[in-house]
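Asker: After the structure tokens below, expect a handful of questions from me.
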Amino acid sequence: MRKKAAVIGAGNVGATAAMRLAEKGLADVALIDILEGVPAGKALDLTEAGPIEKHDMKIVGATGDYEAARGSDIVIITAGIPRKPGMSRDDLLSTNMGIMATVTREVAAVAPDAILIIVSNPLDAMCHVAYEASGFPRNRIIGMAGVLDSARFRAFIAMELNVSVENTHAFVLGGHGDTMVPLPRYSTVAGIPITELMSPERIDALVERTRNGGAEIVGLLKTGSAYYAPSSAAVEMAEAILKDNKKILPCAALLNGEYGIHDLFIGVPVKLGGNGVEEIIEIKLTEAEKAALDHSADAVRKLVADIRRLS
Ligand code: APR
């Protein structure tokens with residue numbers, strides 16, 4: 001049977017995710033936004049690319065009408081606004097919280113069995129909002145962060161060593177942002193840990209570039225943030241779920257004691273399949289790695305406390 005995906009927010013990340021879902025033949029797509037005409041226009045444009053890209057996926061766009069998302073197997077939520085001049089972090093957080101809560105409730109009403117992939121920032125905090133607004137169990141709320149961060153790390157490793165990206169593997173834990181925790185000893189090239197292939201100084205430089213990966217792109221684009229790699233990352237997660245292929249990927253998941261962390265969405269390796277998060281994989285961490293993860297968890301906890309204060 002054909003699968004169905006909804007993408008909420010038809011901006012840069014959302015529209016590119018819709019394109020990737022359709023061009024990979026993964027699902028029919030409903031693209032929803034509050035903007036008049038934009039989702040319908042982008043959906044039609046993508047449909048007209050179908051004959052050339054050789055897919056028969058049905059792509060529809062809707063403005064504020066969630067009927068289009070009815071019965072979706074998977075929903076990727078990218079809705080939100082970027083920070084505008086004069087806006088404080090709290091203003092941004094409270095606006096995006098409101099948007100996330102509203103769209104999640106709308107989605108839950110028409111697609112009660114869907115698995116939600118959250119993309120809007122601040123990511124880990126938005127996962128909490130979606131979890132509470134949807135009432136869905138924890139296996140069906142997953143945040144996209146680690147797949148993107150580890151893809152960035154892999155791209156930098158491949159550039160550094162002049163090897164194929166396909167030979168690279170990288171592990172990144174923690175929250176999405178300054179406190180993320182790349183794990184060099186679990187990051188490999190053709191199975192060889194990068195700690196045997198690069199000096200500690202070069203590894204530190206790549207880790208730092210990965211941490212600032214989002215900011216580096218914003219600095220270059222000036223208007224807007226990254227969307228090619230973020231949409232690829234969200235669609236890799238969607239593919240693992242839609243195909244039930246039990247892929248282990250770093251994602252933000254709600255921890256209930258795993259890694260000694262309770263009631264917090266944070267990036268950890270998870271097994272993604274037809275039921276969403278099917279398992280949280282606990283890997284052994286050194287003391288320093290555990291301390292870095294705890295530090296990252298503290299930063300996410302502060303954001304969650306801000307959500308409670310603002311709601
Ligand atoms: N319902 C639906 N769509 C909404 C709503 C809402 N209530 N509020 C805003 N949107 C839409 C906007 O109209 C816009 O089209 O969300 C879209 C966001 O698109 P962009 O501004 O292009 O942002 P984008 O680059 O796609 O990033 C989206 O993903 O990576 C994160 O930090 C990024 O939080 C941001 C999100």
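The values are calculated or read from the model by the stated rules, or taken from the named source; none is laboratory data. Since this is a predicted model, take the numbers as computed values, not measurements. Ideal geometry is used to build each Cβ from the backbone, glycine not excepted, and the neighbour counts take in all protein chains shown. Only protein heavy atoms, including side chains, enter the accessible area calculation; ligands, DNA and RNA are left aside. Shrake-Rupley method; radii C 1.70, N 1.55, O 1.52, S 1.80 Å.
Asker: If you check 88, 94, which single one turns out to be free of Cβ contacts under 8 Å to residues at least 60 places away in the same chain, surrounded by fewer than 20 Cβ atoms within 10 Å (Cβ to Cβ) and among the polar types (S, T, N, Q)?
Answerer: Details: 94 fails: free of Cβ contacts under 8 Å to residues at least 60 places away in the same chain.
Just a single option satisfies the conditions, and that option is 88.
Asker: Let me ask you something else. Is it fair to say residue 235 is closer than 26 Å to residue 77 by Cβ and open to solvent by less than 60 Å² (accessible area, probe 1.4 Å)? Walk me through how you get there before you give the answer.
Answerer: On the way: closer than 26 Å to residue 77 by Cβ: yes; open to solvent by less than 60 Å² (accessible area, probe 1.4 Å): yes.
Here the answer is yes, as residue 235 does meet what is asked.
Asker: Hey, does the range 221-239 have a residue that's part of a helix (DSSP H, G or I) and more than 26 Å from residue 127 (Cβ to Cβ)? If you could, list the steps in order and put the result at the bottom.
Answerer: Going residue by residue through the range 221-239, those that are part of a helix (DSSP H, G or I) are 221, 228-239.
Still in the running and more than 26 Å from residue 127 (Cβ to Cβ): none.
No, every residue in the range 221-239 fails to be part of a helix (DSSP H, G or I) and more than 26 Å from residue 127 (Cβ to Cβ).
Asker: I need a count of the residues in the range 2-27 that are over 14 Å from residue 232 (Cα atoms) and near the ligand (Cβ under 6 Å from one of its atoms).
Answerer: Total meeting the criteria: 4.
Asker: Which of the strands (runs of 3 or more DSSP E) found entirely inside the range 28-143 contain at least 1 residues meeting this: within 11 Å of the ligand (Cβ to nearest atom) and of a type in the set (Asp, Glu)? Can you show your working first?
Answerer: Numbers: elements: 28-33, 59-63, 74-77, 115-118, 141-143.
Fully inside the range 28-143 and qualifying: 28-33.
Asker: What number goes with the only condition from (1) touching a residue at least 40 places away in the same chain (Cβ under 8 Å); (2) assigned to a helix (DSSP H, G or I); (3) of a type outside the set (S, T, N, Q) that residue 253 does not pass?
Answerer: (2)
Asker: On to the next question. Being open to solvent by 30 Å² or more (accessible area, probe 1.4 Å) and either at negative phi or in contact (Cβ under 8 Å) with a residue 60 or more places away in the chain (or both) narrows it down to one residue among 114, 109, 101, 125; which is it? Walk me through it before giving the result.
Answerer: Working: 114 fails: open to solvent by 30 Å² or more (accessible area, probe 1.4 Å); 101 fails: open to solvent by 30 Å² or more (accessible area, probe 1.4 Å); 125 fails: open to solvent by 30 Å² or more (accessible area, probe 1.4 Å).
Only one candidate qualifies: 109.
Asker: If I ask for residues that are small (Gly, Ala, Ser) and open to solvent by less than 50 Å² (accessible area, probe 1.4 Å), which ones from the range 181-209 would you list?
Answerer: Within the range 181-209, the first condition is being small (Gly, Ala, Ser), and the residues that meet it are 187, 190-191, 199, 205.
Scanning the range 181-209 gives 187, 199, 205.
Asker: If a residue has to be open to solvent by less than 50 Å² (accessible area, probe 1.4 Å), among the small types (Gly, Ala, Ser) and not in a helix (DSSP H, G or I) to count, how many in the range 144-178 make the cut?
Answerer: Total meeting the criteria: 5.
Asker: Would you call residue 72 buried (at least 21 other Cβ atoms within 10 Å of the Cβ), farther than 20 Å from residue 280 by Cα and polar (S, T, N, Q)? Even if it seems obvious, please write down each step before you answer.
Answerer: Numbers: buried (at least 21 other Cβ atoms within 10 Å of the Cβ): yes; farther than 20 Å from residue 280 by Cα: yes; polar (S, T, N, Q): yes.
Yes, satisfied.
Asker: Every residue in the range 64-97 that is within 17 Å of residue 11 (Cβ to Cβ) and either out of contact with any strand residue (DSSP E or B) (no Cβ under 9 Å at 6 or more places or on another chain) or among the charged types (D, E, K, R) (or both), please.
Answerer: 80, 81, 82, 83, 84, 92, 95, 96
Asker: For the range 210-225, what are the residues that are touching a residue at least 60 places away in the same chain (Cβ under 8 Å) and either in contact with a His (Cβ under 9 Å, 6 or more places away or on another chain) or open to solvent by less than 30 Å² (accessible area, probe 1.4 Å) (or both)?
Answerer: 210, 213
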